[in-house]
1. Under a cut-off of 25 Å between alpha-carbon atoms, report the lysines in cross-link reach of residue 224, not counting same-chain residues fewer than 8 places apart.
2. As a test, work out the antiparallel percent of DSSP beta bridges whose residues both lie in the chain, rounded to the nearest 5.
3. Among the lysines, which fall within straight-line cross-link reach of residue 139, defined as a Cα-Cα distance under 22 Å, with same-chain neighbours fewer than 8 residues apart omitted?
4. Over the chain, what is the mean sequence separation of C-alpha contacts under 8 Å (at least six apart), divided by residue count, expressed as relative contact order in percent?
5. Test of understanding: what is the full-extension gain from residue 116 to residue 71, defined as 0.36 nm times their sequence separation minus their Cα-Cα distance?
6. With +1 on each Lys and Arg Cβ and -1 on each Asp and Glu Cβ, and nothing else charged, work out how big the dipole of the stretch 199-276 is about its Cα centre, in Debye to the nearest 20.
7. Summarise the accessible area of the chain (1.4 Å probe, protein heavy atoms) by the percent that is carbon and sulfur.
8. Only Lys, Arg, Asp and Glu count, each charged at its Cβ (+1, +1, -1, -1), so figure out the dipole size of the chain about its Cα centre, rounded to 20 debye.
Amino acid sequence: MHTVVSFSDLRPTRFSFTGTVGLVPTMGYLHEGHVSLIRRAREECDHVVVSIFVNPTQFGPREDLAKYPRDLERDSRLIEPYTDLLWTPTAEIMYPPGYQTWVEVDAITHPLEGAMRPGHFKGVTTVVAKLFNAVQPHKAYFGQKDAQQAAVIRQMVRDLNLPIEIVVCPIVREPDGLAMSSRNVYLDPEQRKAATVLARSLSEAKEAYENGERNANQLRQVMKDILATEPLAEPQYVSCADYDTLEELTTVEGKALLSMAVYFGKTRLIDNFVLE
Ligand code: AMP
């Protein structure tokens, strides 16, 4: 595995690759969820490029940029068996002084995470566009864990006619159902136990749907009721939205996305489930 930092070091290694290239963009502090994306890329592509970059422009002023967990040595060891090229640019390399170009996707970035985290997706789409331009992958791998992010990236790729296939991989969970996340390390033991309530509320709503419930308000209520049983959980939003537009539904007719953001103290967790 080659590790590079600058654009000028990235280019010769990337363009020495013949055959297909898969890119897995991450913010590091890698876990089995990230590794599942990298393994999938390994299966499907001749070469695998992983980027680790804690992108400052996708964090709000009151978010956890400074304390976002980092461990590059451990990350390198974890991905080494599956990765040809690890790219770890710095913020100064990505956004040098005088930087002023942004990529913005419109309607699909407005609800859910976009509504709660103003500017977040502008940071995400800008950095992913820069990663795509630099690496020029044939395929790029994202997790269903960040469902809206995957939808926004798909939209950007379609709108900008980028010749890149977006592959969205299933959510990897801990044995008790908690979706793996780099942010889970912030949880104290009590909060960690309480955090299983996200997956439980989603599976309860899924069960209601399977039993014929199609009223979106009822489905949202099922999730809210389960979340309310956990005193440490402070829900920020609970959604039942159209899978394509991410607009809130009245009635579930086609594919739908159940999703939520829930605080445990200062830690904000998200999770989702697709109804189809
Ligand atoms: P992050 O480092 O949090 O920016 O995540 C990098 C990529 O890994 C994103 O595409 C995430 O959606 C994906 N990812 C994070 N957690 C999981 C998980 N538990 N299961 C599957 N994919 C994940």
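1. 145, 193, 206, 255, 266
2. Values: 20 of 39 bridges.
Among the beta bridges of the chain, antiparallel pairing accounts for roughly 50 percent.
3. 122, 130
4. Relative contact order, the chain: 17 percent.
5. Value of the extension gain: 13.4 nm.
6. 300 debye
7. Reported share for carbon and sulfur atoms: 49 percent.
8. Roughly 540 debye, rounded to the nearest 20.
The values are calculated or read from the model by the stated rules, or taken from the named source; none is laboratory data. Nothing here was measured: the structure is a model prediction, and the numbers come from that model. Note that each Cβ is placed from the backbone with ideal geometry, even for glycine, and that neighbours are counted across all protein chains shown. Each accessible area value is taken on the protein alone, full model and side chains, heavy atoms only, with ligands, DNA and RNA left out. Shrake-Rupley method; radii C 1.70, N 1.55, O 1.52, S 1.80 Å.
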